[in-house]
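See structure below.
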Amino acid sequence: MGVPSVFLRTFGCNFKCAGFGMPRGEISTEVETIAFAHDNIPYKDYKDLPLVSTGCDSYASWDPRFKDLSPMLTSEAIVDRIMEMLPQDHWIDEHLVITGGEPLLGWQRAYPDLLDHPKMRDLQEITFETNGTQKLDPKFKEYLIEWTDNKELTFSVSAKLPASGEKWEEAICPEIVCEYEQVGTVYLKFVVATEQDISDAECAVGAFRNAGFNGHVYLMPVGGVESVYTLNAKNVALAAMKRGWRYSDRLQVPLFKNEWGT
Ligand code: SF4
């Protein structure tokens, strides 16, 4: 937190996470209404899409019904956009955070072309924000091992608990996450709201530890909206301390509120 970072958001996800913010066993239908509206009078820009308070708040970056709002860019065009954002036109101390959707889908094959671009050579640190379900492509793994020779790579693994609506056996993949540890620093991050979520996180951590996972565990309070987040934050911090885990804040909420691009 607090490190100037460029976020590269790739399109597509293997999950839907329609259970977030819903009573257990129920799924959000907020996006259905938005998709229906988009079919009739198309939105022109993803930033015009309504924000949702249930389900995945990044739906615009994976739901195929909104794919027309995400441009397909060449590596060259992505680098140009990044350079426009950096205050000095080149990397100094900024991090690149590659997120999604799920950034470790087929995009793994495209990253070497982007990272080998001459203007990307000064980049020193990358974080993948992943749901921890995608195996590393062997060639990409080899590439990353070389890349990290003198640079930092982190996998921020937000493994999905049952509150997401996704199935445990598909969402909790300890062997896959342990393989990330062969390449970079890995931590687990669980977004929690209730005692049940925290107890699910304990079970998940047990499964990851049994598989040999060595990294840190973070709890993060649910809440894209400041009022919800503030209510939950202290309890989540206390629950993390009680278990010897770490607490992660949501700095973007007080700074930027719940908006696209934050
Ligand atoms: S894994 Fe992440 S991006 Fe994919 S649906 Fe779930 S919350 Fe959204």
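Values in this text are rule-based calculations from the coordinates and carry no lab data. Quick caveat: nothing in here was measured; it's all calculated off a predicted structure. A quick note on method: Cβ atoms are made from the backbone with ideal geometry, for glycine too, and the neighbour counts reach across all protein chains shown.
The alpha-carbon of Lys242 sits under 20 angstrom from the alpha-carbons of these aspartates and glutamates, leaving out residues fewer than 8 places away in its chain: Glu195, Asp197, Asp200, Glu202.
With each label modelled as a point 7 angstrom along the Cα→C-beta vector, the Lys139-Asp122 pair spans 3.0 nm.
Mind giving me the FRET efficiency for Ser199 and Lys257? R0 is 41 Å, r the Cβ-Cβ distance, nearest 0.05 is fine. Walk me through the numbers on the way to the answer.
Numbers: r = 31 Å, r/R0 = 0.75.
E(calc), rounded to 0.05, equals 0.85.
The mean sequence separation of alpha-carbon pairs under 8 Å and at least six residues apart, normalised by the residue count of region 161-262, gives a relative contact order of 25 percent. Name the most mobile residue of Tyr59, Tyr111, Tyr218, meaning the one with the largest mean-square fluctuation, in a Gaussian network model of the chain with Cα contacts below 10 Å. So, out of Tyr59, Tyr111, Tyr218, the one fluctuating most is Tyr111.
Taking one quarter of the surface of the convex hull spanned by the alpha-carbon atoms of the chain gives a direction-averaged projected area of 14.0 nm².
Taking a sphere under 15 Å around the Cβ of Lys139 and counting the other residues whose Cβ falls inside, with K and R at +1 and D and E at -1, yields a net charge of -3. Label-to-label distance, Ser53 versus Glu179, with points set 7 angstrom from Cα along the beta-carbon direction: 4.1 nm. Counting Lys and Arg as +1 and Asp and Glu as -1 over every other residue whose Cβ lies under 10 Å from the Cβ of Pro103, the net charge comes to -1.
The mean sequence distance of close C-alpha pairs (under 8 Å, at least 6 residues apart), as a share of the length of the chain, puts its relative contact order at 17 percent.
Isolated cysteines in the chain, defined as those with no second cysteine Cβ under 4.7 Å, comprise Cys13, Cys173, Cys178, Cys203. Relative contact order for region 1-147: what is it in percent, counting Cα pairs under 8 Å that are at least 6 residues apart? That works out to 31 percent.
Provide the FRET efficiency to the nearest 0.05 for the Glu146-Met72 pair, computing r from the beta carbons and using R0 = 35 Å.
On the way: r = 27 Å, r/R0 = 0.78.
After rounding, the FRET efficiency stands at 0.80.
All other residues whose Cβ lies under 9 angstrom from that of Leu161 are scored, Lys and Arg at +1 and Asp and Glu at -1, for a net of -2.
Given 0.36 nm per residue, what is the gain on full extension from Arg81 to Met241 after removing their alpha carbon distance, in nm? Walk me through the intermediate numbers first.
On the way: separation 160, 0.36 × 160 = 57.60 nm, distance 4.04 nm.
Extra length from Arg81 to Met241 when fully extended: 53.6 nm.
Tell me, which longest segment in the chain has none of the trypsin sites (Lys or Arg not before Pro) that fall in DSSP loops with at most 12 further Cβ atoms within 10 Å?
Working: sites that count: Arg24, Lys44, Arg121, Lys167, Lys257.
Counting only loop sites that pass the neighbour cut-off, the longest clear stretch is 168-256.
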